[in-house]
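For reference, the structure is listed below as structure tokens.
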Amino acid sequence: MKAETSTTDQNFFTYPCFQAWMGILVCLFLLTVLPPAAQASSLKLKNMVLDNQAGSIMARFGIELSADAQVEEALQNGIKLKLICKASLFEHKSIWLDSEVAGKIYSNKLYFDSLSKQFVLEKQGSDKILKNKNLTILLREEWKNIILDLGPWSTLRRGERYNLRLKVQLDRTEIPVWLKNTLFFWSWDIIPAATYQLDFTY
């Protein structure tokens, strides 16, 4: 009889209702412990250009983080962040949905090193790790000129209309999947994602 009771108690923690209640409690904890910043941070696009460089479609732009105190505080509290820039080039269709011609993703990770008291930026696909005690200076130097290779220029056709869509977001990392699924209505972004579009005719 005791063995059956023990099994039931263990299975209880796997029930969806238990996970849902845990998600709600975490949500309430976040609302209580994390007060809103005086001025919300935001991601701003700077000088987005699409041009031909050595026969390749190159998207060049800069990202500026305004009112970065909110992000700085989150990093110092141990939250790890990831910048994701997703560029998608579409060919405009009059009747059908626009078709994607090319796409590329740029990302890097941000965290605070409590030992050296410095902010750290890790670039994707590179062993290069950058550090600075000043978050503003670190991000200004690394985000001022981002270049994405979207493939051969010959992909474009004369007289056709195109649009370049760029989505920029700064997400938290290391959030359990079950918690994301439970709190599907909750935004895990430190700051809202930003979307930009550049229309042109080749």
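The values are calculated or read from the model by the stated rules, or taken from the named source; none is laboratory data. This structure is a prediction, so every number in the text was calculated from the model and none was measured. Positions of Cβ are backbone-derived with ideal geometry, glycine not excepted, and every protein chain shown enters the neighbour counts. Calculation scope for accessible area: heavy atoms of the full protein, side chains included, ligands and nucleic acids excluded. Shrake-Rupley method; radii C 1.70, N 1.55, O 1.52, S 1.80 Å.
Below, the figures for the structure above:
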| quantity | calculated |
| --- | --- |
| Pairwise label distance in nanometres, Trp96 with Glu73, each label 7 Å out on the Cα-Cβ vector | 5.0 nm |
| Debye, to nearest 20: dipole size of segment 45-165, +1 on Lys, Arg Cβ, -1 on Asp, Glu Cβ | 100 debye |
| Rough spin-label spacing in nm, given labels placed 7 Å along Cα→Cβ, for Asn145 and Leu130 | 1.2 nm |
| Label-point gap, in nm, between Tyr196 and Arg158 - each point 7 angstrom along Cα→Cβ | 3.1 nm |
| Area accessible to solvent at Thr195, 1.4 Å probe radius, in Å² | 100 Å² |
| When each of Lys86/Lys117; Lys46/Lys167; Lys80/Lys133 is checked by Cα-Cα distance, pairs over 22 Å | Lys86/Lys117 |
| Estimated FRET transfer efficiency when R0 is 35 angstrom, pair Asp51-Leu115 (beta carbons, to 0.05) | 0.25 |
